[in-house]
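> Got a structure for you, written out below as structure tokens; questions coming shortly.
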Amino acid sequence: MPPVGATTFAGLDAKGMVPKPLATEIIKRVQGESVVRRLAGKTAMPLHGGAVTVQTGHVQAGVVGEGQKKPVTRTDYNTKAIKPIKVAALTYFSKETRIANPLGVLENIADDMVGAITRAFDLAVLHATNAVTGPIAGVECVNQTTQRVELGTTAKADGGLSTDLSNGHALVEDNWEYGDFTGFAADPRLKQKLRTAHDVQGRPIYQDAVNLKDGFANLLGYDAAYAKTVSGRYVGGGTDNKVRAFGGDWSSLKYGFSEELTISRSDQATIDDNGTLVNLWQNNMEAYLVEAIFGWVIPDVKAFVAYDDAVA
């Protein structure tokens, strides 16, 4: 349920706060710009409880001779607890600014909301990182995988970058028993490595001709999604942890939103802006607060491989 005083995006237009087309666009962009949701979106789930059942065994059928016992096998399950976390972003501005250019301000608010929630979700799931305060305690993340490949370590004569990527694929296929490799989440800087990858004759491997606008949405036959958050970076901060891509079985990653996105608006509150108290009513200002509560579970980090930039 939305918090008291909050308005879901579906009801924003009725209250005259944000036009419905803009609210709808916010939701679509948050879903589309998150690399995790793009790759694992088909397995999204609601958070009705505090645990998820994870299959750890499969029924096996065996050949049975005449008069012999039929084999008994079990489908085993474990439960993994979900620790929902809440993310929020608050922004404020003068009422005159909105009145003078309402559409422009609302578009900027939408951009900030999309970016803030998308970064928070991806950073949490990929790195267990809070963009504001740092590490998130007590949660698991994709980057906890011990299966790692250092990019740039294979000679061109031995396949170069393609072999590096394939070796990571093999780690997942060899060690993850309950699914298949489904795609890559990559830092945009991986595209430069793909553009400049050549064989021993100097011919481009991933392009027929150099195309700087190539999005490389398909990588070695798999879907690839790109975002700075893959390397731990984000607009305005973050630390580059040298990860250039994660690959693996994204369908194994389960996530859910118990509160998809809610927004509240106030021109009466007093805001603490890094120690400075701002009285919105007294200063004729408005503030928007966007919040989301979500959780996720990774059955086994062996379902993923991390591709790290070569150490200089």
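Where a number appears in this text, it was derived from the coordinates with a stated rule and is not lab data. In this text the structure is predicted, and so the values were computed from the model without any measurement. Because the Cβ atoms are built from the backbone with ideal geometry, glycine has one as well, and the counts that use them run over all protein chains shown.
> By average Cβ neighbour count within 10 Å, what is the ranking of 90-100, 139-149 from highest down?
Highest to lowest by the protection proxy: 139-149, 90-100.
> I've got another one for you. Order these by the 10 Å Cβ neighbour count, fewest first: L280, L123.
Values: L280 18, L123 25.
Ordered from fewest to most neighbouring Cβ atoms within 10 Å, L280, L123 come out as L280, L123.
> OK, next. What ranking, highest mean first, results for peptides 176-183, 296-303, 187-194 when packing means the other Cβ atoms within 10 Å averaged over each residue?
Per-residue Cβ counts within 10 Å, averaged per peptide and sorted highest first, yield 296-303, 187-194, 176-183.
> Can you sort S264, S166 from fewest to most other Cβ atoms within 10 Å of each residue's own Cβ?
Starting with the residue having the fewest Cβ neighbours, the order is S166, S264.
> Exposure proxy check: M113, M285 ranked by fewest other beta carbons within 10 Å?
The most exposed by this proxy come first: M285, M113.
> Rounded, prolate or oblate: which fits region 249-312 when a ≥ b ≥ c are the square roots of the eigenvalues of the alpha-carbon gyration tensor, with rounded for a/c under 1.5 and prolate only if a/b beats b/c?
Verdict is oblate for region 249-312.
> A further question on this structure: Which entries in the list K156/K254; K156/K242; K191/K242; K80/K193 go over 26 Å, if you measure between the two C-alpha atoms of each?
Over 26 Å Cα-Cα: K156/K254; K80/K193.
> If you stretched the chain out fully between E96 and D273, how much longer would it get, using 0.36 nm times the residue separation minus the C-alpha to C-alpha distance?
Stretched fully, the E96-D273 segment lengthens by 61.7 nm.
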